Structure formats: structure tokens, C-alpha cells
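What follows is a short report on a single structure.
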Amino acid sequence: MKKKVLAILVVGLVFGFFVRASINEPPAIMAIEIQNSTEAKIFAKALYPEGFREIKPTAVRGETLYFDLSGLRKAWDDNIKKHGYGAEPFIVLTIVKDGKVAVQGISLKGEGRYQKITVYPEYKPLKTTKEVSSETISDGNVQPMDNYWQILEEYHEETIPVVVAEIINADYSWGQITYSYTANAHVGFGVYAFLTSEWSHIGTHYTYNVNGGGLSHAAFDRGQDVYIWMDFIYRYERWKIHIDGQDFYEEYVFVKSFDPNSLSWAYYRPSNVRPAPINSWVFEVRNLSETYTRPYYQFSLENLSSDAFSIDALGFISILSSAGIISPLAATAANSANMFIDVNYEYSNIQAFVCTLDLYGETGTYHRVWRGQSETTVNNINTVPVVGFYISQG
């Protein structure tokens with residue numbers, strides 16, 4: 001009897017230890033070393049399910065900041081249960097030093113409880129204005145006498161259906177195209193910031209959907225076009241930053257998430273669906289159809305020249321501009337730069353999206369295939385392919 005009681009006590013103690021260990025898990029600490037940041041003012045934001053939120057370092061040692069991301073990870077874990085999508089931690093640092101500013105986005109990949117990242121700021125001249133009103137600092141979290149602070153002044157979200165693949169078929173070709181998403185696969189979306197009169201690509205936000213299951217399969221006949229689209233959640237934020245009586249603003253545009261179950265297709269593009277951001281068509285091949293039973297051309301995402309493609313951003317910018325939400329200067333700069341959102345579809349050698357195309361033609365006929373691409377002047381010149389095709393005769 002005593003041995004049985006002793007065994008029960010031992011099991012209970014071991015069980016209690018593991019329960020306490022699971023409850024009191026070590027914090028998820030990230031250390032960020034910021035080179036050339038001595039005496040700089042540093043502002044940090046983390047992307048939560050509802051949007052960016054200011055975060056404070058738990059410790060500062062020299063040029064290294066330490067952040068506890070336990071709350072951020074929990075917020076995304078809870079969001080998975082409620083809404084079906086999660087994200088890797090994403091942090092934005094604004095570093096102000098000697099009248100210059102650098103904005104850096106940081107993606108924390110993997111499941112490690114501790115990581116250290118080194119940042120090399122690329123400073124640009126900072127344009128500030130003197131504070132003329134304290135209306136925007138009436139929030140209890142901000143004190144007018146504080147030397148420096150940041151506050152979210154404006155935000156807007158919009159779910160927009162956007163073309164992710166298209167076939168413009170000015171030919172006698174026919175074929176089929178398939179587009180799908182792999183559940184839990186990570187997708188990276190470029191995050192863009194407007195500061196010092198220009199847009200910059202500051203980093204990549206990785207998100208994933210646990211529901212998955214999205215699939216579009218379209219067969220098309222001679223001369224028929226095909227469009228495939230999906231819903232994306234776009235977000236805009238404007239932050240005011242105050243330093244020593246001076247103010248400046250940051251404006252952000254990015255895709256927060258997507259809905260693979262919204263994948264749809266048609267032989268025309270509905271008016272509410274934004275087009276693919278194609279700036280030019282690049283000649284791909286001129287092929288002979290040797291027999292109408294075998295494709296003369298086949299495509300899959302592995303054939304792209306990069307691990308990213310582009311989707312529209314200017315449609316969202318237009319919505320913001322019409323509503324008077326985004327600054328006119330930021331809207332004009334986005335349109336002038338032909339800004340788009342780049343989509344990284346590969347993560348740890350796993351493709352989030354699968355797209356295949358097969359083209360057929362009558363025996364003995366020649367066909368030309370052109371592929372679309374996007375071009376923007378953001379970050380100098382950035383060219384990203386589009387999953388879009390133009391088919392011509394001869």
C-alpha cells in the first residue's frame with residue numbers, strides 16, 4: 001500500500017512539474033543589434049493581427065535591443081483559432097540619428113525561442129515640421145511633455161479581389177490552367193513605407209492560412225481569355241513620430257492576409273476585381289504544335305525567374321485617395337512609381353501556390369507566348385514577374 005501511495009505521489013510531482021513548465025514557458029526573446037546607432041532615437045512596432053502596435057525593448061545594452069515576443073506570438077496563435085490564419089513575427093524599427101532616418105522591417109522566421117539579428121541602417125535625410133498642435137496627443141498613453149513618441153493617427157483595411165493569373169488568348173490555341181494554395185504554407189508580402197517623400201520596400205511579412213483548400217481549374221477554348229483571382233486583405237497605416245518638438249510621418253501599405261477559399265475564375269475580369277499589374281510583355285517562346293494531343297507549351301511557377309510574383313497595389317491606393325485617407329503626396333508617389341505588392345510564394349523550399357498551364361494548337365501551327373512583368377521605381381528599379389500570358393499567332 002505504501003509503495004502504491006509513493007508511486008502516485010511521484011507521478012503527481014512529475015505531472016505537476018510539466019504542467020508548470022508548460023505554463024511558465026521561457027519568453028520568446030529577440031535581440032536586435034543596430035549598427036551605427038549610438039545616441040539614436042529608436043522606435044519599434046510589431047505587426048499584430050489588428051495591425052502595427054508600438055512595442056518597447058525589455059533591455060538595451062549598447063546598440064543591442066532585447067524584445068520579449070511572447071505576447072505577439074500568443075496574439076497570432078489566438079488569431080489562428082479565431083480566423084484561421086497566422087503570421088511570423090514582423091517588427092519595424094525607425095532609427096533617427098543626426099537629422100537622418102532609417103526604417104527597417106525584420107521578419108523573425110522559425111520556431112526558435114531566441115534569435116539575434118544585426119541591422120545595418122541606411123540613413124536618409126529627415127524632413128520634419130515643428131509641432132503646432134497637441135490635439136493628436138490627447139491619448140492617455142502619450143504625454144505632451146515627452147521628449148519623443150509615436151502614435152497611430154489613421155488606418156484603413158479593405159478586402160479586395162485581385163487577379164493572380166491571367167491568359168490573354170489572341171490565338172487559335174486552347175488549354176487549361178490550374179491555381180491552388182497549399183494549407184499552412186507561408187506567403188511573404190512586401191511591406192512598403194512612405195517617408196522623406198518616397199516609398200521604400202522595407203521588408204517582408206510572412207503569413208499562412210490553416211484552412212487552405214483553395215483551387216481554381218479553368219479550361220479555355222480558341223480565342224478565350226481566362227482570369228483567376230483571390231481576396232487579399234490590404235491595410236494602410238499613418239504614424240506620427242515626435243522628436244524634440246519636431247514631427248514627421250510614416251505611411252504604410254501592405255497585405256495583411258489572404259483567403260485561398262476565395263479563388264475564382266471566369267472568361268472575363270469582373271469590374272470589382274483588380275487587374276494584374278502588368279507593365280510590359282516579355283517574349284517567352286515561339287513553338288510548333290506538332291500534334292493537337294500534346295501541349296506545345298507548359299508552365300509552372302518553378303519556371304519564374306524569381307521566387308516572387310506581383311499583385312496590384314494601386315487599386316488600394318486609389319480607394320485611400322478617394323476617401324481622403326492617404327496623403328496626396330504619398331498617393332502621387334505610388335502612382336508615379338507604378339507601385340505593386342510583391343508576393344514571395346516560396347518559404348523553406350516549400351511553394352505556397354501551385355500554378356500550371358498547358359497550351360494546345362492544331363497540328364503544324366506556330367504560336368508565340370509572351371509573359372507579363374511588373375516594373376517599379378521603388379528602391380531604385382525593381383522588376384517582378386506576373387503570372388500572366390499573352391498568346392499570339394504565327
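Tabulated data
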quantity: Top positive-direction residue, dipole computed over the chain with Cβ charges, set Met30, Ser264, Phe189; calculated: Met30
quantity: The chain: most fluctuating residue of Asn338, Asn303, Asn261 per GNM, C-alpha cutoff 10 Å; calculated: Asn303
quantity: For Phe309, Phe353, order by how many other beta-carbon atoms lie within 10 Å, fewest first; calculated: Phe353, Phe309
quantity: Environment charge at Lys256 (Cβ cut-off 10 Å; Lys +1, Arg +1, Asp -1, Glu -1); calculated: -1
quantity: Gaussian network model of the chain, Cα within-10 Å springs - most flexible of Leu65, Leu93, Leu329; calculated: Leu329
quantity: GNM result for the chain, Cα springs below 10 Å: residue of Asn287, Asn169, Asn184 fluctuating most strongly; calculated: Asn287
quantity: Point-charge dipole on Cβ atoms (K/R +1, D/E -1) for the chain, about Cα centre, debye to 20; calculated: 1400
quantity: More than 33 angstrom apart: percent of Cα pairs within the chain; calculated: 42
quantity: Nearest-ten-degree value, helix 70-83 long axis tilted from longest Cα axis of the chain; calculated: 40
quantity: Point-charge dipole on Cβ atoms (K/R +1, D/E -1) for the stretch 226-291, about Cα centre, debye to 20; calculated: 240
quantity: Leading residue at positive end of dipole, the stretch 213-314 (Cβ point charges), from Gln298, Trp239, Phe309; calculated: Gln298
quantity: Residue order, fewest to most surrounding Cβ atoms within 10 angstrom, among Phe43, Phe90; calculated: Phe43, Phe90
quantity: Interchain or long-range residues, amide H under 5 Å from Ala28's placed H; calculated: Leu69, Ser70
quantity: HN-Hα J in Hz across the stretch 302-308 - Karplus 6.51, -1.76, 1.60, θ = phi - 60°, x for Gly and Pro; calculated: 4, 7, 5, 7, 8, 8, 9
quantity: Student exercise, the stretch 27-126 dipole from Lys, Arg, Asp, Glu Cβ charges, in Debye to nearest 20; calculated: 120
quantity: For Phe220, net neighbour charge (Lys/Arg +1, Asp/Glu -1) across residues whose Cβ lies under 12 Å away; calculated: -4
quantity: Distance violations [Cα-Cα > 21 Å] among Lys127/Lys256; Lys45/Lys82; Lys109/Lys240; Lys127/Lys240; Lys116/Lys240; Lys82/Lys116; calculated: Lys127/Lys256; Lys45/Lys82; Lys109/Lys240; Lys116/Lys240; Lys82/Lys116
quantity: Radius 15 Å from Cβ of Thr376, net charge of other residues (Lys, Arg +1; Asp, Glu -1); calculated: -4
quantity: Mean residue ellipticity (222 nm) of the chain, computed from DSSP H runs ≥ 4 via -39,500 (n - 2.57), nearest 500; calculated: -4500 deg cm²/dmol
quantity: Helix axis angle, 2-23 relative to the chain longest principal axis, alpha carbon, degrees; calculated: 70
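Rule-based calculations on the coordinates, nothing more; no lab input. Nothing here was measured: the structure is a model prediction, and the numbers come from that model. Ideal geometry is used to build each Cβ from the backbone, glycine not excepted, and the neighbour counts take in all protein chains shown.
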